[in-house]
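The values are calculated or read from the model by the stated rules, or taken from the named source; none is laboratory data. Not measured: the values here are computed from a predicted model. Cβ atoms come from the backbone with ideal geometry, glycine included; neighbour counts cover every protein chain shown.
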């Protein structure tokens, strides 16, 4: 069952499921963020990791991700993502997912209509942290992405029963991350 705005507000106030938490959807000239009817529109922080100085001979390997490929940057208002490229960002919000909940995240349609796609894997039961957000520019021109505004919507799905082993129970490698975390095994 998909959880409603009322449930999201209750869980965020009582159990600190989302911090900081915006209890209503904010717009006012911004790409919307905050609580929606059946989800939460999370915001993008101003910190990024960009792939820098990759030669044609190099291969990006998720099992051996060299930190030297990335440059850490901070921006003030927005980041311009070059054509056909990817940057890693993170959420402003810190999430604490209950043991009977799984999330699915979708990119904002405003960005999708500009060729920007985000891929955020499900937040598993009892995962917590700031989400690392891969942001891909699929078009042949640069695209602006705004910080402190909505980047993706999280839907919260309640399971019929509690899992035997949660993400926390198995010591998941991305548990309690507060920084942008590239691929690791």
Practice prompt. Identify the single condition in (1) at pLDDT 95 or above; (2) assigned to a loop (DSSP other than H, G, I, E, B); (3) surrounded by fewer than 17 Cβ atoms within 10 Å (Cβ to Cβ) that residue 117 does not satisfy, given that it satisfies every other one.
Written response: (2)
Worksheet item: Is it the case that some residue within the stretch 53-63 is touching a strand residue (DSSP E or B) at 6+ places or on another chain (Cβ under 7 Å) and more than 22 Å from residue 176 (Cα to Cα)?
Response: no
Worksheet, complete the sentence: When residue 181 is run through (1) closer than 26 Å to residue 65 by Cβ; (2) touching a residue at least 24 places away in the same chain (Cβ under 8 Å); (3) over 14 Å from the mean Cα position of the chain (by Cα), the failure sits at (3)
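What strands (runs of 3 or more DSSP E), lying completely within the stretch 16-112, carry at least 1 residues that are loosely packed, with under 12 Cβ neighbours inside 10 Å?
On the way: elements: 34-36, 39-51, 70-74, 78-81, 85-91, 94-96, 101-107.
Qualifying strands (runs of 3 or more DSSP E): 70-74, 78-81.
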Item to complete: Taking the options 141, 136, name whichever one is more than 15 Å from residue 42 (Cβ to Cβ) and in a strand (DSSP E or B).
Response: 136
